[in-house]
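The structure appears right after this line, and notes come after that.
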Amino acid sequence: MPDPCDVCGAAGDMRPLLEAALHGVGAVWIRQCAGCGFRQVRPRLPPAALDVLYGADYFDSAAAHGFAGYARQRQRYERDAYFLARELRRIAPAGRFLEVGSALGFLLAALAPITGWDVEGVEVSSFGAWYARDRFGAAVHRGALEEAGLPADAFDYVLQKDLLEHVTHPRRHLEETRRIMRRGGRLRVVTPNGEADLRPLHRVSAARENDDLPRLGQAHLSFFSRAQLLRLFEDVGFRVLRLRSIGIRRGLRALGVVPGWRSRAPMAQREAPAPRGRPAAAEGGGPTPAPWAEQAARIDAEVAAQHRAVRSWPPYFHYRRLVKRLDALPGRLAIGQDFDLLVEKR
Ligand SMILES: [Zn+2]
């Protein structure tokens, strides 16, 4: 049965481009659509693989994979929430906000007290959803967006940062996103520039001297170009209001345009046994699994150790935003590490 391209719908086989190693899964192929050039890990990962990928250690600085820097960035989310609250206020005094991929809930926790909007999250990691509820009392649905069963036409603003590249079915995911949004509602997406993501992997792969594979350390499954993103969002039923390239300095290094690129794609042995997934986590009223409590305590300690008063000071927020703006360009110049899109539901 053909599995059509998410971007152009072509049903033909995607041709193999690069073999890589994915934590807990093993060797995977990044393939390319002959119709539109879209690159993606195929065949798509089964749900069980996602449970292993986004186990409790995904947010652990000590782990060899995953979003290890997350706990260190606690205060960055205070800053993001500060500007997001202003953006929401400009739209309406109240509304319904959803963050898909809410991770440990840092943004939700920072946003809820400073906005008149209802704030909710969706998170695929059982540990992440539990942590956000336990530590912050955040309203987080556990699972993929398609599993959350959210009502139609409900949300006025949806945020998806560093998410689209992780989902197994990007088109289906965006269709579900659109379904739960009210008409005219806004969706903000930050997702990598696929070329900046893949160029280092190609370099590592070309330079290898044995059978080892470049490691897909961040578990990105889709690699979008600017044109492919525009096509996909328009096709699903969104109007693109803005598309910017952000992270220009990192992007230029990853693309090899300027020197200074450090290998962020270490090699993995092809035969390395896949680590076992953690036991299924307790949901709802069940007891907290002991490894979770330990992991959560470690994250709390890391957050506390990283805290600096100046980083919670609004003038510092504005300073950091200025620095970030100087590191952004119109999306036509696809030389950043990421794309930053703002779209609305048609
Ligand atoms: Zn295609």
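Just a few scattered comments:
- Being more than 23 Å from Arg31 (Cβ to Cβ) and at pLDDT below 95 is a condition met by no residue of the range 188-196.
- Checklist (1) among the polar types (S, T, N, Q); (2) under 30 Å from Leu322 (Cβ atoms); (3) at pLDDT 85 or above applied to Ser222, failing item: (2)
- In the range 326-341, the residues that are closer than 17 Å to Val189 by Cα and of a type outside the set (A, V, I, L, M, F, W, C): Pro330, Gly331, Arg332, Gly336, Gln337, Asp338, Asp340
- Residue selected from the range 105-122 under the condition outside any helix (DSSP H, G or I) and touching a residue at least 24 places away in the same chain (Cβ under 8 Å), by the criterion farthest from His166 (Cα to Cα): Gly116
- Any hit, the range 158-174, residues being modelled with pLDDT under 95 and either among the charged types (D, E, K, R) or in contact with a strand residue (DSSP E or B) (Cβ under 7 Å, 6 or more places away or on another chain) (or both): yes
- The listed residues are Phe83, Phe59, and the only one of them that is closer than 21 Å to Ala148 by Cβ and aromatic (Phe, Trp, Tyr) turns out to be Phe59.
- Residues that are modelled with pLDDT of 85 or more, more than 16 Å from the ligand (Cβ to nearest atom), surrounded by 15 or more Cβ atoms within 10 Å (Cβ to Cβ) and of a type in the set (D, E, K, R) occur in the range 229-249; there is at least one.
- Test result for Arg76, surrounded by fewer than 20 Cβ atoms within 10 Å (Cβ to Cβ) and closer than 19 Å to Val189 by Cα: yes
- Among residues of the range 177-213, those that are farther than 23 Å from His141 by Cβ and not hydroxyl-bearing (Ser, Thr, Tyr), counted: 22
- Subset of the range 306-346 (residues that are in contact with a strand residue (DSSP E or B) (Cβ under 8 Å, 6 or more places away or on another chain) and either on the phi > 0 side of the Ramachandran plot or not in a loop (DSSP other than H, G, I, E, B) (or both)): Lys324, Ala328, Leu329, Pro330, Asp338, Phe339, Asp340, Leu341, Leu342, Val343, Glu344, Lys345
- Candidates Arg76, Arg72 - the one that is at pLDDT below 95 and under 25 Å from Leu221 (Cα atoms): Arg72
- Qualifying residue in the range 88-104 (condition: without any contact (Cβ under 8 Å) to a residue 60 or more places away in the chain, buried (at least 24 other Cβ atoms within 10 Å of the Cβ) and out of contact with any His (no Cβ under 7 Å at 6 or more places or on another chain)): yes
- Boolean, Tyr82 is more than 16 Å from the ligand (Cβ to nearest atom), under 20 Å from the mean Cα position of the chain (by Cα) and not in a strand (DSSP E or B): no
- Selected residue (criterion: farthest from the chain's Cα centre (by Cα)) from residues of the range 303-346 that are exposed (fewer than 15 other Cβ atoms within 10 Å of the Cβ) and of a type in the set (Val, Ile, Thr): Val310
The values are calculated or read from the model by the stated rules, or taken from the named source; none is laboratory data. Keep in mind it's a predicted model, so treat the numbers as computed, not measured. Neighbour counts run over all protein chains shown; Cβ positions are idealised from the backbone, glycine included.
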